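First up is the structure itself, then whatever we jot down about it.
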Ligand SMILES: [Zn+2]
């Protein structure tokens, strides 16, 4: 599976201004999770459900000017990402 998108929210890691979430050592960037989902080796919202993540991403994309339908389409594959498939 492609690793170029965050395996939690689906954002392209190339668009993460911080270049990915930080691992436990505070220096290494994760190759799997963005800085909005992951920091210091842990998820920032450990108990979030996948449907809530989809809502968050839709709202975030809409704030960036995406039409609602396009934002919804972009989040359809989030449940297929590793975090939501028992492979975090
Ligand atoms: Zn993310």
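Among the residues making up region 60-69, those that are part of a helix (DSSP H, G or I) and either under 12 Å from the mean Cα position of the chain (by Cα) or surrounded by 12 or more Cβ atoms within 10 Å (Cβ to Cβ) (or both) are 60, 61, 62.
Within region 30-44, being assigned to a loop (DSSP other than H, G, I, E, B), within 10 Å of the ligand (Cβ to nearest atom) and more than 10 Å from residue 6 (Cα to Cα) holds for one residue alone: 44.
Taking region 74-86 as the range and being surrounded by 13 or more Cβ atoms within 10 Å (Cβ to Cβ) and over 13 Å from residue 11 (Cβ atoms) as the test, the residues that pass are 79, 82, 84.
Taken over region 1-16, the criterion of being over 18 Å from residue 73 (Cα atoms) and either more than 13 Å from the chain's Cα centre (by Cα) or in a loop (DSSP other than H, G, I, E, B) (or both) is satisfied by 1, 2, 3, 4, 16. Per the listing 19, 26, the residue uniquely in contact with a strand residue (DSSP E or B) (Cβ under 7 Å, 6 or more places away or on another chain), more than 11 Å from the ligand (Cβ to nearest atom) and in a loop (DSSP other than H, G, I, E, B) is 19.
Every number in this text was worked out from the coordinates using simple rules, so none of it is lab data. Remember, predicted model here, so these are calculated numbers, not experimental data. In this analysis, Cβ positions are derived from the backbone assuming ideal geometry, glycine residues included, and neighbour counts consider all displayed protein chains.
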